[in-house]
Ligand SMILES: Cc1cc2nc3c(=O)[nH]c(=O)nc-3n(C[C@H](O)[C@H](O)[C@H](O)COP(=O)(O)OP(=O)(O)OC[C@H]3O[C@@H](n4cnc5c(N)ncnc54)[C@H](O)[C@@H]3O)c2cc1C
């Protein structure tokens, strides 16, 4: 196609079309249920390539998708018949140890980021799976193994460079476009393509972490211990829990602590979990942060996913019983419920600092349906929806944008921010993307 040849000549990066040898690998996303065939994938090398891709999409009337790490469960990074702005060749991470910041290019993954920053014994709180995109995760919030210590990932965002759909390069940071920086702390990929994001770093190279695994009737009791522990613990402990069933359909619980206090206090802090009934495996130890970041690694593009959940103000005994009932009655070992604690540092900042409204929440509780065959789509989607309905009585009114599917109504997207913040976000959207070119995301429509 002559237009694609011209496009290729105007790029530093490369054009991939359905006839290219790497097409199938390039259109693959983490969620295997998203099997889409873009007309063209533009693998960008920098801001100029991104602007060229936007320009080409506009002149050819192609819908645009943006690909960072390809992890979004809604499959927003691929679009049937459209153009993908693919940032996977832009993965450089530059660390400035003297200033204590790191700049991640638009397609860098958490593995890229952690390797670069850990070389200097520094971290920012990121995602728990290495292949997740740094920018995609940050723009939606960011919950992980250091959330209680250092806040959401977006709380550590100090600067950004975006290419808007109109082709302008815009920067946000200290003293420059402060309103845009506020919006990028949670408002998603609505305002432009980030060619880099800059983060504040913190000294850390080792944590006491690993997995604690439990089986059987006692898992409800262990979940109560987990809840009570994080409620009273200092911000030196981040903690996540995963409830499901094992291959024999016995209730199964995984708790992943990440303790950064003095190691001689570990026993005292984690005693309540390590002495709990039903413990079948205790792999907690002092390890490097890079080792901790491998705990949840999962296969890319192999399984089908549908996620739905709520931020809750408490993990009541009734809710715990309800969660265990949901996983046991469904009885599918891959599907599970993720419970992320939001105590500690996320509470330090308010709505003037970031666009997000869920800081009052105690936990993020998400039903994660995971399966392998298309014939089982309906029952898994139905389970995730029914489980989210069971959690709803405890909901603060919104879900986590980073885990949302494409079928969430506008009210649920809006509730993640709250009314006043959503109005501010819409005003910015109108300024930076009035034509809603960037709509394959948790969309904030222009006014
Ligand atoms: C296995 C797995 C583990 C996860 N772990 C965590 C976790 O620990 N903590 C957490 O908070 N979330 C986690 N998530 C959710 C994740 O943060 C979001 O799905 C996020 O959108 C993924 O970003 P990505 O770049 O990998 O995805 P993509 O699908 O490539 O991108 C998703 C969207 O992000 C936007 N985007 C991406 N890059 C850019 C950019 N450079 N500029 C502008 N917009 C951009 C675009 O709107 C794009 O459509 C996880 C998801 C999966 C599948």
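The values are calculated or read from the model by the stated rules, or taken from the named source; none is laboratory data. The structure displayed is predicted, hence computed values, not measured ones. Please note: Cβ atoms are built from the backbone with ideal geometry, for glycine as well, and neighbour counts cover all protein chains shown.
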Considering only the range 400-407, I want to know if a residue exists there that is out of contact with any strand residue (DSSP E or B) (no Cβ under 8 Å at 6 or more places or on another chain), within 20 Å of residue 356 (Cβ to Cβ) and away from the ligand (no atom under 16 Å from the Cβ). no
It is to be established whether one or more residues within the range 115-136 are farther than 29 Å from residue 384 by Cα, near the ligand (Cβ under 9 Å from one of its atoms), in contact (Cβ under 8 Å) with a residue 60 or more places away in the chain and buried (at least 21 other Cβ atoms within 10 Å of the Cβ). no
Subset of the range 245-273 [under 11 Å from residue 214 (Cβ atoms) and not in a loop (DSSP other than H, G, I, E, B)]: 251, 252, 253, 254, 255, 273
Strands (runs of 3 or more DSSP E) wholly inside the range 275-323 containing at least 2 residues that are farther than 22 Å from residue 383 by Cα: 279-282, 285-288
Residue 446 passes all but one of the listed conditions (1) surrounded by fewer than 16 Cβ atoms within 10 Å (Cβ to Cβ); (2) within 30 Å of residue 55 (Cα to Cα); (3) away from the ligand (no atom under 15 Å from the Cβ); the exception is number (1)
For the range 246-299, give me each residue that is within 16 Å of the ligand (Cβ to nearest atom) and buried (at least 18 other Cβ atoms within 10 Å of the Cβ). 254, 255, 256, 257, 258, 289, 292, 293, 295, 296
Go through the range 357-400 and report how many residues are assigned to a helix (DSSP H, G or I) and modelled with pLDDT of 95 or more. 21
Here the qualifying pairs (Cβ atoms under 6 Å; residues six or more apart or on different chains; first in the range 359-386 and without any contact (Cβ under 8 Å) to a residue 24 or more places away in the chain and in the same structural domain as residue 345 (by TED's automatic domain parsing); second in a helix (DSSP H, G or I) and buried (at least 21 other Cβ atoms within 10 Å of the Cβ)) come out as 359/346
For the range 33-72, give me the residue count where each residue is in a helix (DSSP H, G or I), surrounded by 18 or more Cβ atoms within 10 Å (Cβ to Cβ) and without any contact (Cβ under 8 Å) to a residue 60 or more places away in the chain. 4
Restricting to the range 185-222, name every residue that is closer than 18 Å to residue 256 by Cβ, within 16 Å of the ligand (Cβ to nearest atom) and assigned to a strand (DSSP E or B). 207, 209
